[in-house]
Amino acid sequence: MAITKAVPKGTDDHREQARPQEEARHLNSPLLLTMLMLVLVLLQSPIRRALSAPVMQSWTTVFVAVMVQALPFLVLGVLLSAAIAVFVPPSFFARALPSRPALAVPVASAAGAVLPGCECASVPVAGALVRRGVTPAAALAFLLSAPAINPIVLTATAVAFPGDPEMVLARLVASLLVACAMGWLWLRLGRTDWLKPPSRPSHDGQTKGEAFWGSVRHDVMHAGGFLVVGAMAAATLKAVAPESWLRAAADNPVLSVLVLAILAVVLSICSEADAFVAASLSQFSLTARLTFLVVGPMIDLKLFAMQAGTFGRAFALRFAPATFALAVVVSVLTGWVIL
């Protein structure tokens, strides 16, 4: 009688037997790419007809525009984030910000003026600040203020509204108020289990140059993926929303504010360009257009996706609605006083 020798699970023979089974369960990349190319070749005529439809052309235009506007500033934010993580010692932030979190919030909000970028740049920088030990309330205040009060954005606003210079002051005041209020609100009501600390691969044993570029690659792949998702969602909603809704809403003061606030979220326009879009909506009041300028840099579709990817979905689902509501209220009050 033949004796069958049992093969221990930890031996090389067992691993050799298991490897073909594992490979059979997974498609390799060349095969998957070949299958995809074959499907595209077979369906090229229907795909060409679908892409030539007006709604798809509108979708493509919006998607490319959002990506082209946002990607350079995302890269800028990633470079700043990596520089903070690698070259700036944690003790710097302890010295730069007040020790009391309540005072650190307005200081961090005002510091947003030094970052010449949009909301795509502020998310990775805010993540780096949290990783370096900055109180989350101050980092979040910086995240909200930086895209709206930096010199490039304020200059663009002044150029877009040459006949209404008070729009620059109104945007600056309203954005700072919202950033400080949200920082203090998080300080008061925020919970640590809502905010997932941003992760970063370890670079122990590497030089600072290697660690810097490793951090850049990690953040580009991480934040860039969520930027693509947000841009796709913004393009989809923009392509299917009837333009007649805007004309009907402009005649109602309350509805016009809400419509432009929602439009700012949907369009996901970079803060360096949103002032020119707001100026073109001349059928709306200045207060409604101010709401568009304050809400957009703080919460839009791509920014929500990036915040969820950086700080966690539990954080984004609470932070985004609160920011939206507060930004609308503060914009209306600021517009009533200044405009």
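Computed from the coordinates by the stated procedures, all read-outs in this text should not be read as laboratory data. Note that the structure is predicted; figures quoted are calculated from it, not measured. Cβ: placed from backbone, ideal geometry, glycine included. Neighbour counts: every protein chain shown.
Taking neighbour Cβ counts within 10 Å as the exposure measure, how do MET67, MET56, MET37, MET167 sort from fewest upward?
On the way: MET67 18, MET56 14, MET37 10, MET167 25.
Fewest-to-most ranking of MET67, MET56, MET37, MET167: MET37, MET56, MET67, MET167.
Quote to one decimal, in nm, the extra length available between LEU36 and LEU103 on full extension: 0.36 nm per residue of separation minus the C-alpha distance between them. List each step's numbers first, then the result.
Values: separation 67, 0.36 × 67 = 24.12 nm, distance 5.54 nm.
Taking LEU36 through LEU103 to full extension adds about 18.6 nm, to one decimal.
For segment 312-326, just list the computed ³J(HN,Hα) in residue order, Karplus coefficients 6.51, -1.76 and 1.60, θ = phi - 60°, integers in Hz, with x standing in for Gly and Pro.
For segment 312-326, the Karplus curve yields x, 5, 4, 5, 5, 5, 9, 6, 5, x, 5, 5, 4, 5, 5 Hz.
Sorting LEU32, LEU140, LEU76 on the 10 Å Cβ count, fewest up front, what's the list? Provide the component values of the computation, followed by the final result.
Details: LEU32 11, LEU140 30, LEU76 18.
Lowest to highest Cβ neighbour count: LEU32, LEU76, LEU140.
Stretched out fully, how many nm does the piece from SER58 to SER244 gain, at 0.36 nm a residue minus the Cα gap?
On the way: separation 186, 0.36 × 186 = 66.96 nm, distance 1.63 nm.
So the extension gain works out to 65.3 nm.
Using packing as a proxy for protection, rank 300-307, 269-276, 101-108 so that the peptide with the highest average count of other Cβ atoms within 10 Å comes first.
On the way: 300-307: 26.1, 269-276: 23.9, 101-108: 20.0.
The most tightly packed comes first, giving 300-307, 269-276, 101-108.
Under a plain spin-label model, where a point goes 7 Å from the Cα along Cα-to-Cβ, how far apart in nm are LEU333 and SER45?
6.3
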